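To start, the structure itself, in structure tokens.
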């Protein structure tokens, strides 16, 4: 019987780069934008990308997207419980 091959969501061409920010990077992000963590858009802990990264509630995810006009841009999401 063949074994099931694990699928890596980040290998798909439509899934942008994701990474978990360190505590220092998170503090700098909030300071530079002069926002509170509660003002960030949210992403559920059950999201496939969040699960693949091993992120937990309270973490901030940086997502790098491609843009035809800007080249690439970053946006940030706060991981929350379902």
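Worth pointing out:
- Counting other Cβ atoms within 10 Å as a rough exposure proxy, the listed residues 61, 9 run 9, 61 from fewest neighbours to most.
- Counting other Cβ atoms within 10 Å as a rough exposure proxy, the listed residues 11, 27 run 11, 27 from fewest neighbours to most.
- Within the listed set 14, 40, 53, the Gaussian network model of the chain (springs between alpha-carbon atoms below 10 Å) gives the highest mean-square fluctuation for 14.
- In this simple spin-label model, placing a label point 7 Å from the Cα along the Cα-to-Cβ direction at both residue 20 and residue 64 gives a separation of 1.9 nm.
- Result for the chain in a Gaussian network model with C-alpha springs under 10 Å: among 31, 65, 19, the largest mean-square fluctuation is at 31.
- The DSSP beta bridges internal to the range 16-80 are antiparallel in roughly 80% of cases.
- Among (i) 43, 14, 8; (ii) 26, 18, 10; (iii) 20, 12, 11, the entry that matches semi-axes √(5λ) of the Cα gyration tensor in Å as calculated here: (ii)
Values quoted throughout were computed directly from the atomic coordinates according to the rules given, and no laboratory measurement underlies them. Computed from a predicted model, the values in this text were never measured in an experiment. Backbone-built Cβ (ideal geometry, glycine too); neighbour counts: all protein chains shown.
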